[in-house]
Amino acid sequence: MQQKSAFTLIELLVVIAIIAILAAILFPVFATAREKARQAQSLSYVKQIGMAVAMYVQDWETYPLSSSPSSQQPRTRWPDGLFPYTKNTAIFRAPGALSDTFLKPFATMPTALYGGYGYNYQYLGNSRFPFAATDADITAPAETIAIADTLGCSYDSKVLNVGNYVIDPPIPSNRGSRPQTPGDGFYGAPNTAECSGAAGCRAIPAERHSKMVTIGFADGHAKAMRLSVMDDFNRDGIADNGWWNGNGDPAKR
């Protein structure tokens, strides 16, 4: 009678060990590839949004407001103003952002949600002042952040979905935007009843992809930058608003 061949226990353990080693080598590679794909997708999205901002300015000669007054119902925000130029709601949801980021609805499409990309409201269009920058105000559009990945405001109380459609510069604007004290942001001053946290009340850009922030500029181009670079235009180690203020001027608030 012919004896059937079979794996020995040692052979089986060797195969399992080889598979485990290969998995340990390949999983980080797959994770990196997935992250690069998200970064590329995000770069495509913010480029389209940045181009929509540029077209909006061409048509209206001003930049969109961050939102309409809270008394207006339904309330509109900058994605509503740009949607006619993109005809696409999906690009307003930042790849890699947490699912609870996507809770803001389009005014005319309540089932379509957005979040994770923030608007440079302090210099381009703030409904709280209110003001909207004109095309002439932005003398350096290629060096002016319009849209970027955002974490929203930092809340120690774990309140979600706050400020997740805006971004704040490192130093509050003198333009007349509401905050005036370093550390203040869209929802006021840190350590108040409104908010607190490591970033104060700043709606801070998110280094969401390989420790980079995906940014769309006022002239329509897009690229990824580190937050430290965004906050230091002339790279002298001192925070400034050079990439934010529309003029590429690190001395201007």
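The values are calculated or read from the model by the stated rules, or taken from the named source; none is laboratory data. Bear in mind that the values here come from a model prediction, so they are computed numbers and not experimental data. Glycine also receives a Cβ, built like all others from the backbone with ideal geometry; neighbour counts cover every protein chain displayed.
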Have a look at Y85, Y119 and point out the one that is at pLDDT 95 or above, more than 17 Å from the chain's Cα centre (by Cα) and closer than 21 Å to I215 by Cα.
-> Y85
By residue number, the members of region 185-236 that are acidic (D, E) and modelled with pLDDT under 85 are E194
The one condition Y114 fails out of (1) outside any helix (DSSP H, G or I); (2) in contact with a Phe, Trp or Tyr (Cβ under 6 Å, 6 or more places away or on another chain); (3) closer than 21 Å to K252 by Cβ is (3)
Kindly indicate whether any position in region 139-155 is surrounded by fewer than 19 Cβ atoms within 10 Å (Cβ to Cβ), touching a residue at least 60 places away in the same chain (Cβ under 8 Å), at negative phi and in contact with a Gly (Cβ under 8 Å, 6 or more places away or on another chain).
-> yes
Provide a single number: the residues in region 94-108 that are surrounded by fewer than 12 Cβ atoms within 10 Å (Cβ to Cβ) and either assigned to a strand (DSSP E or B) or free of Cβ contacts under 8 Å to residues at least 40 places away in the same chain (or both).
-> 2
Out of A52, A40, report the one residue that is in a helix (DSSP H, G or I), surrounded by 15 or more Cβ atoms within 10 Å (Cβ to Cβ), free of Cβ contacts under 8 Å to residues at least 60 places away in the same chain and of a type in the set (A, V, I, L, M, F, W, C).
-> A52
Scanning region 233-245 residue by residue, the ones that are more than 18 Å from A142 (Cβ to Cβ) and either without any contact (Cβ under 8 Å) to a residue 40 or more places away in the chain or within 14 Å of the chain's Cα centre (by Cα) (or both) total 3
Reported set for region 210-245 where residues are out of contact with any Gly (no Cβ under 6 Å at 6 or more places or on another chain), farther than 16 Å from Y121 by Cα and assigned to a strand (DSSP E or B) is M212, V213, T214, K223, A224, M225
Among (1) modelled with pLDDT under 95; (2) over 21 Å from A112 (Cβ atoms), where does Y63 come up short?
-> (1)
